[in-house]
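Right, one structure below, let's go through it.
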Amino acid sequence: MNYAFEMRGGESHIEVHKFRAGAIIIATLLALVIQASFPIHFAQAAVLDLPLMVTIYFGLSRRNPSTGLLLGMLIGLLQDSLSGPTVPLGLYGIAKTIIGYLASSIGARLDTEHPAARFALTAAFFIAHQGLIVLTRRILLAQPEPWFNMHLVAAALVNGLVAVFLFLLLDRLRRN
Amino acid sequence: MIAIPSRHKSLVLLAGVIVLQVLMLAVQIKRDSEGRLIRVWTVGAVSPFERAGSYGFGSIRNAWRHYLALRNTAKENEQIRHENDALKLQISQLQGKAAEADRLAVLLNFRRAHTEVPMIAARVIGAGAGTASLTIELDRGERDGIRKNMGVITPDGVVGKVVEAYPHAAQVLLLTDKDSGVGAMLADSRIQSPVGGQGEPLLAMKYVPNDDTVSVGEHVYTSGMDRIFPRDLPVGTVAEIKPGNPFKQIRIKPAAHLERLEEVLVLLSLRPLEMKNEENPGAAQPSAPGAASPPQAVRR
């Protein structure tokens, strides 16, 4: 077996996946590069948040809150760094740290291998992620941002859908 | 098997990481008017304690001032009350002195304007003890050159004459006394007639025939015929005229404020004097009977 099992209260046989060496780093960097360059050529691609999907995926797969939040922080800070001077370091970092923690925590309790679960979780995390960014902008940066609109819902559905396929690709990076 | 940290440990790590990033945000963000966010937060976090401290110290200070320090307040109040009374008395005295200075200045000016007439200023130190006579007492007497029958005036008009002179005091019979009198004349008609007291505030002008024209408000001056007062000193103003038999009954309101005399001038001469009358130069015209002499002081 290339994966380990962990027993939790009331839960049984929840897998903690391991990945190939450098898989997380390469996937993260690739997601950031694509996220930074893809919308230049395809404006509609701006609704996608590939770094968030990577955070969610590895959080759900590794199922370790500490590593999940640290990975989320790292990806978020890198995204902040690539987002230009208008985005302060920590904006995405805070949001993705929390998402990484939540994904890891949920992944440790639920079976998240099913595509429907992945779709729903990604959509929900996307909305939560946007909510955290708006919260940070409003409270910490005093920047007025709308809490909710239909575009957000549509973007969440699109990200959920894309995540289903992306996660299948990322599954291939698991150590079999 | 992968060792997974405890839930508590990961929560602490989460909190630490979030706080770290929030601080990082705060260091970077610079608000337009308030400076860097970290500074805003620091001030915002510290100022409530500063405010509380200030309020606390202020309360303690106020408590000390308003309650504990009240022990001395009653004593201070008493002291301040005494000082206030003393100051009120002092103000009253100063006001009196100022008024006195004003009156003395008037007297001095009057003396300077009539240097031809020897006179001395005296302070009224008392009034007659009985109601039978209207007299006042002066603080100057024989040693100051005051003699019996000398005239007493103020810049406003005739007051009376000295009836008794003592070494250091003198008694003056006021013009309103029923035994008092002064040679007078009406300013417009130049009719001469003695004016005497009646024991009441108004004087009486006697011996003016019913045929003569006298009007209310007409001024009355000394005629100099009594050989006590120089000519043309104000005596009073005609206040009331009634026909009589055979003479008019004319009441004169005294020119001098006889009811509130404080300083007077005593004419230091028993000889008839002549005064310049600046206020009523027409009264000194030679056409008036008994006014033929020039307006200089005349010694006979």
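The values are calculated or read from the model by the stated rules, or taken from the named source; none is laboratory data. Computed from a predicted structure; not experimentally measured. Using ideal geometry, Cβ is built from the backbone for each residue, glycine included, and neighbour counts are taken over all protein chains shown.
If only one of B:Ala63, B:Ala113, B:Ala98 is without any contact (Cβ under 8 Å) to a residue 12 or more places away in the chain and surrounded by 11 or more Cβ atoms within 10 Å (Cβ to Cβ), which one is it?
None of the others qualify; the one that does is B:Ala63.
Does any residue of the stretch B:224-231 turn out to be of a type in the set (Phe, Trp, Tyr) and under 34 Å from the mean Cα position of the chain (by Cα)?
Yes; the residues of the stretch B:224-231 include at least one that is of a type in the set (Phe, Trp, Tyr) and under 34 Å from the mean Cα position of the chain (by Cα).
Go over the candidates A:Ile98, A:Ile106, A:Ile127, A:Ile133 one by one and state the one that is within 11 Å of chain B (Cβ to nearest Cβ), of a type in the set (Val, Ile, Thr) and part of a helix (DSSP H, G or I).
A:Ile98
Confirm whether B:Lys253 is under 30 Å from the mean Cα position of the chain (by Cα), surrounded by fewer than 21 Cβ atoms within 10 Å (Cβ to Cβ) and over 23 Å from B:Ala122 (Cβ atoms).
yes
Please work out which one of (1) in a helix (DSSP H, G or I); (2) over 15 Å from A:Val54 (Cα atoms); (3) away from chain B (no Cβ under 14 Å) is the condition A:Thr122 fails and give its number.
(2)
Checking B:Ile18 against (1) at pLDDT 70 or above; (2) more than 10 Å from chain A (Cβ to nearest Cβ), which single condition isn't satisfied?
The failed condition is (2).
If you check B:Ala105 against the conditions, is it under 23 Å from the mean Cα position of the chain (by Cα), within 27 Å of B:His219 (Cβ to Cβ) and assigned to a strand (DSSP E or B)?
Judged against the criteria, B:Ala105 is not a match.
Could you tell me which residue of the stretch B:209-258 is farthest from B:Ser193 (Cα to Cα), considering only residues that are in contact with an Asp or Glu (Cβ under 6 Å, 6 or more places away or on another chain) and assigned to a loop (DSSP other than H, G, I, E, B)?
Across the stretch B:209-258, the extreme among qualifying residues is B:Ala256.
Kindly provide the set of residues from the stretch A:28-70 that are closer than 30 Å to B:Lys9 by Cβ, free of Cβ contacts under 8 Å to residues at least 60 places away in the same chain and not in a helix (DSSP H, G or I), ordered by number.
If the condition is that a residue be closer than 30 Å to B:Lys9 by Cβ, free of Cβ contacts under 8 Å to residues at least 60 places away in the same chain and not in a helix (DSSP H, G or I), then A:Arg63, A:Asn64 are the ones that fit.
For (1) buried (at least 24 other Cβ atoms within 10 Å of the Cβ); (2) of a type in the set (D, E, K, R), each residue gets a yes or a no:
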residue: B:Ala165; (1), (2): no, no
residue: B:His168; (1), (2): no, no
residue: B:Leu175; (1), (2): yes, no
residue: B:Gly181; (1), (2): no, no
residue: B:Met185; (1), (2): yes, no
residue: B:Asp188; (1), (2): no, yes
residue: B:Ser193; (1), (2): no, no
residue: B:Met205; (1), (2): yes, no
residue: B:Thr222; (1), (2): yes, no
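Can you pull out the residues in the stretch A:58-75 that are at the interface with chain B (Cβ under 8 Å from one of its Cβ atoms), in contact with a helix residue (DSSP H, G or I) (Cβ under 6 Å, 6 or more places away or on another chain) and closer than 14 Å to A:Lys96 by Cα?
Selection gives A:Pro65, A:Ser66, A:Leu69, A:Met73.
Just to be sure before I move on: is B:Ile80 loosely packed, with under 13 Cβ neighbours inside 10 Å and at pLDDT 75 or above in the structure I sent?
Judged against the criteria, B:Ile80 is a match.
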